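Novice: Questions regarding the structure given below will be posed in turn.
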Amino acid sequence: MDKFIVNIIHRPEMVPEYAEKVTGHGKEEDIGRKALLTESLDIFKFQQEMAHKYGLKTTIQMTYASLFNEEAVQIAKEHHEKYGDEIALSLLGLPCTEFREKYKTKDFCIWMFSMEDKKSIVDDVFGKFYDIFGFYPESTGSYYMDADLINYVKEAYPSVKCAVATCWEEGPKAYHTCNNSWYTFMDGGPWNPWIPSKQNSHAPAANEAEDSGIVAIPHLSRDLLACYDGNGSNFGTHPQNVLRGMIYDTETWDYPYLYNLIDQYRDLEKYNNGYAYNMMFVGPGWLNKMGRWEAPYELLAKSYEDGMKYYGELKEQGKLTDMTMAEFADYYRQKKTYTEPECALWRDILYGSDKQLFWYCDPYMRACVNMDQGGAIVDLRPYAAKLEWPVGIGTKHVTDASYPFLIQEKYRAGYFTHYAGEGTVRSAKLKYNGEEVDLCLCRTKAHFSQEGNTRVLTLDPVDIEFYDLTVKLQSVISFEEGSSDIKIERRILEMSNPEAQVEINEYMVACYGTTEYSEDMTGITLSAKKGEEVQSLSYEYKCRDIEMAGADEVRAIVPQIETAVSMRSNAETAVGYVKEGYAFSPMFTLGYTAQVKDKEVIATWLKLEKAN
Amino acid sequence: MAQAGKGKLNYRCPSCFMRDLDIDMFYQKETDEFYCIRCQYRGNEKDVLEKNEMVRFRYGAMAKRYTKFDFD
């Protein structure tokens, strides 16, 4: 049976993020100001009232600061009794006088503390929660929770079964939007709930041994096209984020985009065995009585009520099930297997471009296929490596929690349009009589199907026009559950000259990193293999290449991210090749060229593995 | 002139918004204008609101209510 589930989460944050700076502009910082505390609690009460008004239950994530506030505690108890709300515990909202006095820091993001402090803070917060409520929570969360933190929480507090564990694509784009003042990066994770692995919380567990013991949910349900391209904080199931993006009519205060976003998430049940999910989690700072940026309080409040009202209407119509986080974790464990992927064929619902992306996530990879670029893979995260990547003070990654990419078209150019260099992308080029056409320039649409354990994306055929030859080509992209492979088939449906022969070059330009800036490529090994014969080179920015007719495989090993990526082809005439980059263009290329004729079909596989 | 402050609403710079930057502007009461501390934009409230309408040009489907999300 199809099911669309929503988690609505509220937190009584006694010093809301943003509010202190905004409401307190021109005053000395004082996080104990009475006006601030009163306003914060009022916002929480308003949010709870709106959810209950429309018949929705919530998860109340108590903050550390709110555990010192009798009224907040009392409200949580009452609403648990009356409405069935879950009383949970957030690791957000740490700042308060008590916290500052004990930890002597203004840091507030749990994932960026030292491991020693993480444990101490978790113990303090969970201990205080137990003192107040007499039990340990089943749900927790933050904007990000690194694997070491999750593992510790689960070990010390085994009652925890659900956590908010990432903000989808909140990396360099969010950093830039905040004028480079936001030092926390968490790109590269799943957009919908998953079971985090013990090794890296972005990467889903492949089996019980890797299972961290919790179900993770993202902070908000984000627009899978707009957030990938732009600022993540404008395009999510967060009414005030939609206002932040100025995506509303200033005369009527209408915002159909918010409803389109919720509805497109509902539509994803088609690709996920009848299951779809939404999460709304608005911090109180967004409902500031003084307004927020251009939006007066009345508009902020209206948009929040409208969001709740829409979920309430869907519930009334039997199209939505509201759950607490703990209830959802139980449902998810029952519904999903470890290897079942999360899929999203996503349409532009904002800019009017009709662009279409396909997102795929399983324990071995996260991939994005761009139909506006002929089905090119434009983002690829090798979860197969299950990269251990400790985060926070005292580690190599104090602020950077992103899962590294091999391909990222926004940070590393994608299909290349400038005058020198290359960009990361997995595509193909067709060559005929000295002309060359890249499929990235063939805009098309895709259709999803499932054949057994394989998710198949069938693209509408495209025409490739050479001076005296037209080739009609169809791409079919398959993801076999648990295989760690992406199979790409090219079907030559028709040639205007049936005797013609065209060269197809299946290629992947890649590198590694988490930001726009290049990393050291030294030591990456590129190789081609045929039977026992192996030719290889170690990356030294020397622009070298290797070509091998009939190669079984071409491969790159990227020790920096413990990843091996390889390609193989079934074309009889295939020639495998690898290309080293150079300082101005620090990339590498894996590929195969082959001759194809009318009605022929060739397939190429891209495989991801752990290399250590 | 005295130091700048915040206006009654916390307007962002429309010019920076168009390049995906959220920059709060400051308000100069003597000249009744908002100005951006990062770029060169400055304007009164009327001008800010007009420019905010302009930045919405990118949202070609902002007013559209979708009922279909695939191309099947």
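No value in this document is a laboratory result; all are computed from the given coordinates. Just so you know, these numbers come straight off a predicted model, no measurement behind them. So basically every Cβ, Gly included, is an ideal-geometry build from the backbone, and we count neighbours across all protein chains shown.
Novice: Once you average over the residues of B:13-23, how many Cβ atoms of partner chains fall within 10 Å of each Cβ?
Specialist: 4
Novice: Could you tell me how far the Cα centroid of the range A:366-387 sits from the Cα centroid of the range A:59-101, in Å?
Specialist: Distance between centres, Cα-based: 40 Å.
Novice: A further question on this structure: In whole angstrom, note down how far apart the Cα centers of the range A:194-214 and the range A:464-505 are.
Specialist: 37 Å
Novice: Mind checking which lysines have their C-alpha under 17 Å from B:LYS29, skipping anything on the same chain fewer than 8 residues away?
Specialist: Leaving aside lysines fewer than 8 places away in the same chain, those within reach of B:LYS29 are B:LYS6, B:LYS8, B:LYS46.
Novice: Here is a further query. Can you give the relative contact order of chain A as a percent, counting alpha carbon pairs under 8 Å and 6+ residues apart?
Specialist: The normalised contact order for chain A reaches 11 percent.
Novice: A follow-up question, please. If the chain between A:TYR183 and A:GLU494 were fully stretched, how many nm would it gain, using 0.36 nm times the residue separation less the Cα-Cα distance?
Specialist: 106.7 nm
Novice: To test your reading of the geometry: what angle, between 0 and 90 degrees and rounded to tens, separates the Cα axis of helix B:45-55 from the longest principal axis of chain B?
Specialist: So the helix axis and the longest Cα principal axis differ by about 30 degrees.
Novice: Out of the chymotrypsin sites (Phe, Trp or Tyr not before Pro) in the range A:158-203, which ones are loop residues according to DSSP with at most 13 other C-beta atoms within 10 Å? Spell out each step's value before the answer.
Specialist: On the way: sites: A:TRP168, A:TYR175, A:TRP182, A:TYR183, A:PHE185, A:TRP191, A:TRP194; in loops: A:TRP168, A:TRP182, A:TYR183, A:TRP191.
Sites meeting the loop and neighbour criteria: A:TYR183.
Novice: Any idea what angle helix A:256-267 forms with the longest principal axis of chain A, computed on alpha-carbon atoms, 0 to 90 degrees, nearest 10?
Specialist: That helix lies at roughly 70 degrees to the long axis.
Novice: Continuing with this model, one more query. Checking the cross-link filter: which lysines have an alpha carbon closer than 17 Å to that of A:LYS106, excluding same-chain neighbours under 8 positions apart?
Specialist: Counting by Cα, and skipping residues close in sequence, A:LYS106 has these lysines nearby: A:LYS21, A:LYS118.
Novice: For the range A:3-340, calculate the relative contact order in percent as a whole number, restricting contacts to Cα pairs under 8 Å that are 6 or more residues apart.
Specialist: This gives 23 percent for the range A:3-340.
Novice: Another one. Please list, by residue number, everything in the range A:71-103 whose backbone N is under 14 Å from a paramagnetic label point 7 Å out along Cα→Cβ of A:SER114.
Specialist: Hits in the range A:71-103 for A:SER114 at 14 Å: A:103.
Novice: What is the set of long-range amide H partners of B:PHE26 at a cut-off below 5 Å, with H atoms built 1.01 Å from backbone N?
Specialist: Here the answer is B:TYR35, B:ILE37, since their amide H atoms fall under 5 Å of that of B:PHE26.
Novice: Quick check on my link table: of A:LYS128/A:LYS335; A:LYS431/A:LYS579; A:LYS198/A:LYS270; A:LYS431/A:LYS599, which ones sit more than 24 Å apart, alpha carbon to alpha carbon?
Specialist: Violating the 24 Å limit, Cα to Cα: A:LYS128/A:LYS335; A:LYS198/A:LYS270.
Novice: Which loop-located trypsin sites (Lys or Arg not before Pro) does the range A:178-278 contain, where loop means any DSSP state but H, G, I, E or B and the Cβ has at most 13 other Cβ atoms within 10 Å?
Specialist: Details: sites: A:LYS198, A:ARG222, A:ARG244, A:ARG266, A:LYS270; in loops: A:LYS198.
Counting only loop positions with at most 13 other Cβ atoms within 10 Å, none of the trypsin sites (Lys or Arg not before Pro) in the range A:178-278 qualifies.
Novice: Here's a follow-up. A 18 angstrom limit on the alpha carbon distance is what I want to check against. Which of A:LYS3/A:LYS53; A:LYS3/A:LYS315; A:LYS57/A:LYS154 exceed it?
Specialist: Too far apart for the 18 Å limit: A:LYS3/A:LYS53; A:LYS57/A:LYS154.
Novice: Label points 7 Å out from Cα along the Cβ direction at A:HIS397 and A:THR417: separation in nm?
Specialist: It is 3.1 nm.
Novice: Taking the Cα-to-Cβ direction at A:ASP254 and at A:LYS82 and moving 7 Å from each Cα, how far apart do the two end points lie in nm?
Specialist: 3.5 nm
Novice: What do you get for the angle between helix A:115-133 and the principal long axis of chain A? Use alpha-carbon atoms, 0 to 90 degrees, nearest ten.
Specialist: Tilt relative to chain A: about 40 degrees.
Novice: Okay, moving on. Can you figure out the FRET efficiency of B:PHE57 with A:THR573, using R₀ = 56 Å and their beta-carbon distance, to the nearest 0.05?
Specialist: Rounded to the nearest 0.05, the efficiency is 0.70.
Novice: If you don't mind, another one. Would you please report the Å³ per residue occupied by the convex hull of the alpha carbon atoms in the protein assembly as shown?
Specialist: Measuring per residue, one finds 165 Å³ for the Cα hull of the protein assembly as shown.
Novice: Moving on to the next point. Using the count of nearby Cβ atoms within 10 Å as a rough guide to exposure, how do A:PHE126, A:PHE133, A:PHE99 rank from fewest to most?
Specialist: Placing the least packed residue first, the sequence is A:PHE133, A:PHE126, A:PHE99.
Novice: If we count other beta carbons within 10 Å of each Cβ, what is the order of A:ASP131, A:ASP460, A:ASP379, fewest first?
Specialist: Working: A:ASP131 9, A:ASP460 15, A:ASP379 26.
In increasing order of surrounding Cβ atoms, one gets A:ASP131, A:ASP460, A:ASP379.
Novice: Which whole-number percentage describes the relative contact order of the range A:364-610, with Cα contacts under 8 Å and a sequence gap of 6 or more?
Specialist: That works out to 19 percent.
Novice: Further question on the same structure: Which far-off residues, 5 or more places away or on another chain, put their amide H under 5 Å from the one on A:ALA551, with H placed in the peptide plane?
Specialist: Those lying under 5 Å, H to H, from A:ALA551 are A:GLY576.
Novice: Also: Tell me, what is the FRET efficiency for B:TYR35 and A:GLN535 to the nearest 0.05, using R0 = 60 angstrom and their Cβ-Cβ distance as r? The partial results should precede the final answer.
Specialist: Working: r = 62 Å, r/R0 = 1.03.
The value I calculate is 0.45.
Novice: Something else about it: May I ask which residue of B:ASN52, B:ALA4, B:ALA63 lies farthest towards the positive end of the charge dipole of chain B, with charges of +1 (Lys, Arg) and -1 (Asp, Glu) on Cβ and the Cα centre as origin?
Specialist: Towards the positive end, the residue furthest out is B:ALA63.
Novice: Here's another thing I want to ask about it. Counting other Cβ atoms within 10 Å, which GluC sites (Glu not before Pro) in the range A:207-313 have at most 10 and lie in a DSSP loop?
Specialist: A:GLU251
Novice: Using only DSSP helix segments of four residues or longer, with each worth -39500 (n - 2.57), what per-residue ellipticity at 222 nm results for chain A after dividing by its residue count and rounding to 500?
Specialist: -6500 deg cm²/dmol
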